[in-house]
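The values are calculated or read from the model by the stated rules, or taken from the named source; none is laboratory data. Please read all numbers here as calculations on a predicted model, not as lab measurements. So basically every Cβ, Gly included, is an ideal-geometry build from the backbone, and we count neighbours across all protein chains shown. Remember, those area values only see protein heavy atoms, side chains included, never the ligands or the DNA or RNA. Shrake-Rupley method; radii C 1.70, N 1.55, O 1.52, S 1.80 Å.
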Amino acid sequence: MNNEITITIDGIECRAKEGEYILNIARANDIFIPAICYLTRCSPTLACRICLVEADGKRVYSCNAKAKDGMNIVTQNEEILEERRAIMEVYDVNHPLQCGVCDQSGECELQNYTLELGVDSQHYAIPDTKRGTADWSSVLHYDAGLCIVCERCVTVCKDMIGDAALKTGPRGGDPLDKAYKATMPKDAYSMWNKLQKSVIVPSNGTEHTNCSDCGECTAVCPVGALTERDFVYSSNAWELTQVPATCAHCSSGCHIYYETKHTSIDDPEEKIYRVKNEWNYQSLCGAGRFGYDYENRDVVQDPAAFSRAIDALKKAETIRFASTITNEEALMLQTLKEERGVRLVNPEVYPFQQFLGHYREAGGRSLYPDDFPSIMKGSDFVISVGAKLRSDNPNARYTFNNIQKMNKGAGLYFHPVGDTLVPTFGKQVRTFAHQPGQEELALYLVLDLFADREKLPDEVADYLAQFHHERTRTVTETVMESVSETVTDPETGEEKTVTKKVPKKVEKEVTYDHNDLVEMLGGDPETFGDDFQKMMAKKSSFALMAGEDLYFHPRAKNLAALLALIEESCGMKLAMIPPKSNALGVALICDLDAEAAGYTVGYNAPGDFVLSALGTGDLDMPALNQQEGTMTTMNKRVVPTNAALPYGGYELNDLMNGLDLGRGLTVDWTPHLPGQKGFETIAFDDLPNGYTNDGVEQRGYALREAPRAEAQPEVEPFDEAVLLDGEIVYRANPQRQFNDFTDKAHQIFEAFALYASPERAEELGERVEVIFGDGRSLTLDVVADDRMSGAIVEIPDFKSEADVYGLFGANRYATVTLRKG
Ligand code: SF4
Ligand code: SF4
Ligand code: FES
């Protein structure tokens, strides 16, 4: 399957992997083939047919024809060009002439291909059908009149995002004039026939999508049919300046472009109008796309406040900070620790840093070995442990989903909070809604299912063996039974006996391997074994994604050792999800302390003196959309971000200069990031920030990993003392909320509330007081989340003033009392 092959496209020799689509090979070699409906990381839909080429003399669609060694491809000849031109003419039939005001004008693929294929006259016509507009959600606007039914939106939502919130529905168009069938090119006819019958509708049968509101469908729409509600009619595409940057909201660190322009005729100040992404290579979530206007506006330098900040830093014993900072700022804070002896406190990252240390000790690696793009591309069986997959980290979720859709994959999802969306990602997804605290058991089950026993220490193999027992169960089988009956010939009246086979259900006892681990984790041990065998059929490449529940866990050390043992013995890829924006950068650069003490300066966090990019502190700081610098992503890359908006106040580097510890500019710190932690001495201005044509990420650089040290993971048995009793709350954010900055953005409105399954929300009523073990409490509105199931409820951590980390400590679960209020 992955053999190297050579094919020829228009006389150019191209090296490729066997089984790659011809279109992708052409793109990787800078050869242009028009394509409208195809999305690189999704399944081909064959909706547009414009990508047709000749392969060894036969017409094929390059987006779904796989290359074979020695193939000869011709991308255009007279017949192909005639077909493509007819396709574009058909797309132009009845397309509204509103380019002057259309959001997509200037970057519209219908405009581009119409010109590219030389459409200067129209041979086809049909009466138009009235097609309306609709606001599908708070962020999505659909204009069916502009829709060319390429189905990109449907495809990306299913294959990448996992919501499958859209489908085609009836358009009510007239049938085509039959005469066209005989006279026009056949692909253009078929495409038109289908186009005439369809529009796009929400797949839940209502007028609203009730989806994740990620907006990826608007990004991939080639025309102005599916747009962001807030952006509609606000600017022409060509008036906007694109600023390449990195999203600041979660540890994915997605590549984005801020698109900016002056605010209005009266106000020349730059404003972000929207965020765009390279959707062929990376998908965004709703926070990345819509949570862009969190800047600290209208700030001017206040020398008196600056001087008070210098005094505060001089007397600070602790600096407490959030991880929405750049690597350079993290290095400044570490410098303050080294030079002035302050404690550095970051409760979002501290347990993760400890966990990385435990993992390094157990397995000898400086970092987890794999990243999410390589897992997405190369795995057909994926396991998620310790992450709330739907909302903790969008790229982990997209990876899990995409493996099911594109790699004919299977998946195991271990998580205590019941989720109704994850099981829909694929037929071979199995979920274990285990008890909080059983994460060790989940990792033991992974070892049990996947480990090469030869690579396991004897005591671990013995420990696993004790969970297995041979038992019997009753199964129902259908057998064919011979039945004889006497029939009378209606003509002769003669009687005769006929025998026939009829199906009959019989019960029988069979022996099976009863796995206690499956049962303890909430699965069905009677059926799991057979089911797992089916899941494993034709699977060859396995991956495990580890999430925040494992770091914020009383048994984190053992969990880290179990991960190291899985990596050692299961031949599995392994990647971790850092808990917050630049958590990995902070974990690598700063020596964090467990607790604050004495006078505390907060940086985007509570303190006696607060430096704040939210505009709510004692001295203003720039937000991350107003700063240059780098961030360290979950994929272990150090990537640059640029300032989209001006900022008139002081930066952390100015304070460092005030303490005689600064450098000229913030980005002058970039080449000084710690080399012993894998950072390079590359200047900020030399860092690339984009993708190659074939999707290779060329952003910044990959962290250098230290040579692996000798280590033998030592694991302990599961400790059930960590299990919780009673009413349990889980610390998790709703989709699109990650921190105070997403909360500030005007298109992100998910509330700071208690989230519960619809049944649990009904029981709890409208408002509830959540009383923690130490007597502290929060009173919150109750929000029903129709994708949650089970009794555990969730409290978000995105509002720092609520000090939710303080309430939960180094755990993600807590036992509480819920009082209706
Ligand atoms: S809304 Fe856009 S992406 Fe979706 S089918 Fe229509 S044209 Fe294609
Ligand atoms: S916003 Fe996202 S989840 Fe909703 S329909 Fe579009 S792609 Fe699907
Ligand atoms: S791009 Fe191949 S059929 Fe549309």
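Select from the stretch 144-198 the residues that are basic (K, R) and outside any helix (DSSP H, G or I) and write down the one among them that is nearest to ligand 2 (Cβ to nearest atom).
Start the filter on the stretch 144-198 by keeping residues that are basic (K, R), which leaves 152, 158, 167, 171, 178, 181, 186, 194, 197.
Cutting the leftovers down to outside any helix (DSSP H, G or I) gives us 167, 171, 178, 197.
Values: K167: 10, R171: 19, K178: 36, K197: 21 Å.
Across the stretch 144-198, the extreme among qualifying residues is K167.
Of all residues in the stretch 576-596, which are touching a strand residue (DSSP E or B) at 6+ places or on another chain (Cβ under 6 Å) and not acidic (D, E)? Within the stretch 576-596, M576, N582, L584, G585, C590, L592, A596 meet the criteria.
Of everything in the stretch 669-686, what is touching a Phe, Trp or Tyr at 6+ places or on another chain (Cβ under 7 Å) and either open to solvent by less than 40 Å² (accessible area, probe 1.4 Å) or of a type outside the set (V, I, T) (or both)? Give them in sequence order. Across the stretch 669-686, the qualifying residues are T670, L673, E680. Counting only residues that are within 16 Å of ligand 3 (Cβ to nearest atom) and over 33 Å from the mean Cα position of the chain (by Cα), which one in the stretch 115-147 is nearest to R289 (Cα to Cα)? Only one residue fits best here, namely E116. Residues in the stretch 277-285: is at least one within 16 Å of ligand 3 (Cβ to nearest atom) and either part of a loop (DSSP other than H, G, I, E, B) or touching a strand residue (DSSP E or B) at 6+ places or on another chain (Cβ under 9 Å) (or both)? The answer is yes; a qualifying residue exists.
Among what's in the stretch 125-143 and is polar (S, T, N, Q) and assigned to a loop (DSSP other than H, G, I, E, B), pick the residue that is farthest from ligand 2 (Cβ to nearest atom). If we take residues in the stretch 125-143 being polar (S, T, N, Q) and assigned to a loop (DSSP other than H, G, I, E, B), then T129 is farthest from ligand 2 (Cβ to nearest atom).
Every condition in (1) outside any loop (DSSP other than H, G, I, E, B); (2) of a type in the set (V, I, T); (3) without any contact (Cβ under 8 Å) to a residue 40 or more places away in the chain is met by V729 except one, and the failing one is (3).
Comparison of T227, T218, T241 shows that the only residue that is more than 16 Å from ligand 2 (Cβ to nearest atom) and among the polar types (S, T, N, Q) is T241.
From T633, T692, T616, T666, grab the single residue that is β-branched (V, I, T), at pLDDT below 95 and open to solvent by less than 60 Å² (accessible area, probe 1.4 Å). Spell out the reasoning first.
Working: T633 fails: at pLDDT below 95; T616 fails: open to solvent by less than 60 Å² (accessible area, probe 1.4 Å); T666 fails: at pLDDT below 95.
Exactly one of T633, T692, T616, T666 is β-branched (V, I, T), at pLDDT below 95 and open to solvent by less than 60 Å² (accessible area, probe 1.4 Å), namely T692.
Could you please let me know if N657 is of a type in the set (S, T, N, Q), without any contact (Cβ under 8 Å) to a residue 24 or more places away in the chain and either over 28 Å from R736 (Cα atoms) or touching a strand residue (DSSP E or B) at 6+ places or on another chain (Cβ under 6 Å) (or both)? Yes.
Would you say N210 is polar (S, T, N, Q), touching a Gly at 6+ places or on another chain (Cβ under 7 Å), open to solvent by 10 Å² or more (accessible area, probe 1.4 Å) and in contact (Cβ under 8 Å) with a residue 12 or more places away in the chain?
So N210 does not fit the description; no.
Residues that are within 14 Å of L521 (Cα to Cα), part of a loop (DSSP other than H, G, I, E, B) and hydrophobic (A, V, I, L, M, F, W, C) within the stretch 432-489 comprise A433, F467, listed in sequence order.
Somewhere in the stretch 383-396, is a residue more than 21 Å from E567 (Cα to Cα), among the β-branched types (V, I, T), touching a helix residue (DSSP H, G or I) at 6+ places or on another chain (Cβ under 8 Å) and buried (at least 24 other Cβ atoms within 10 Å of the Cβ)? Among the residues of the stretch 383-396, not one is more than 21 Å from E567 (Cα to Cα), among the β-branched types (V, I, T), touching a helix residue (DSSP H, G or I) at 6+ places or on another chain (Cβ under 8 Å) and buried (at least 24 other Cβ atoms within 10 Å of the Cβ), which makes the answer no.
Within the stretch 188-198, the presence of at least one residue that is under 30 Å from N402 (Cα atoms) and within 11 Å of ligand 1 (Cβ to nearest atom) is confirmed. Considering only residues that are within 36 Å of the chain's Cα centre (by Cα) and more than 16 Å from ligand 1 (Cβ to nearest atom), which ones fall in the stretch 56-70? Of everything in the stretch 56-70, those that are within 36 Å of the chain's Cα centre (by Cα) and more than 16 Å from ligand 1 (Cβ to nearest atom) turn out to be V60, Y61, S62, N64, A65, K66, A67, K68, D69.
In the list G70, G57, G19, which residue meets the criterion of being on the phi > 0 side of the Ramachandran plot, without any contact (Cβ under 8 Å) to a residue 24 or more places away in the chain and not acidic (D, E)?
Values: G70 fails: without any contact (Cβ under 8 Å) to a residue 24 or more places away in the chain; G19 fails: without any contact (Cβ under 8 Å) to a residue 24 or more places away in the chain.
Testing whether each residue is on the phi > 0 side of the Ramachandran plot, without any contact (Cβ under 8 Å) to a residue 24 or more places away in the chain and not acidic (D, E) leaves just G57.
Remark: pairs (first residue in the stretch 140-162, on the phi > 0 side of the Ramachandran plot; second residue of a type in the set (S, T, N, Q) and within 13 Å of ligand 3 (Cβ to nearest atom); Cβ separation under 7 Å; 6+ apart in sequence or on different chains) = E151/T45.
Among the listed residues C51, C14, identify the single one that is open to solvent by less than 30 Å² (accessible area, probe 1.4 Å) and within 16 Å of ligand 1 (Cβ to nearest atom).
Numbers: C14 fails: within 16 Å of ligand 1 (Cβ to nearest atom).
Sole residue among the options that is open to solvent by less than 30 Å² (accessible area, probe 1.4 Å) and within 16 Å of ligand 1 (Cβ to nearest atom): C51.
Per the conditions (1) within 16 Å of ligand 3 (Cβ to nearest atom); (2) out of contact with any strand residue (DSSP E or B) (no Cβ under 6 Å at 6 or more places or on another chain), the sole criterion not satisfied by G224 is (1). Of the helices (runs of 4 or more DSSP H) lying entirely inside the stretch 517-599, those containing at least 3 residues that are open to solvent by less than 10 Å² (accessible area, probe 1.4 Å) and on the phi < 0 side of the Ramachandran plot are 548-551, 556-570, 583-589. One residue stands out in the stretch 120-144 among those that are crowded, with 18+ Cβ neighbours inside 10 Å and under 21 Å from L97 (Cβ atoms): the one that is farthest from ligand 1 (Cβ to nearest atom), namely Y124. Does the stretch 53-68 contain at least one residue that is assigned to a strand (DSSP E or B), in contact with a strand residue (DSSP E or B) (Cβ under 9 Å, 6 or more places away or on another chain) and more than 14 Å from ligand 3 (Cβ to nearest atom)? Yes, the conditions are met somewhere in the stretch 53-68.
Taken together, A219, A225 contain a single residue that is crowded, with 24+ Cβ neighbours inside 10 Å and in contact (Cβ under 8 Å) with a residue 40 or more places away in the chain, which is A225. If you go through the stretch 777-816 and keep only what is outside any loop (DSSP other than H, G, I, E, B), closer than 22 Å to F749 by Cβ, touching a Leu at 6+ places or on another chain (Cβ under 8 Å) and of a type outside the set (A, V, I, L, M, F, W, C), you end up with D781, E794.
Per the listing V487, V446, V498, the residue uniquely of a type outside the set (D, E, K, R) and surrounded by fewer than 10 Cβ atoms within 10 Å (Cβ to Cβ) is V498.
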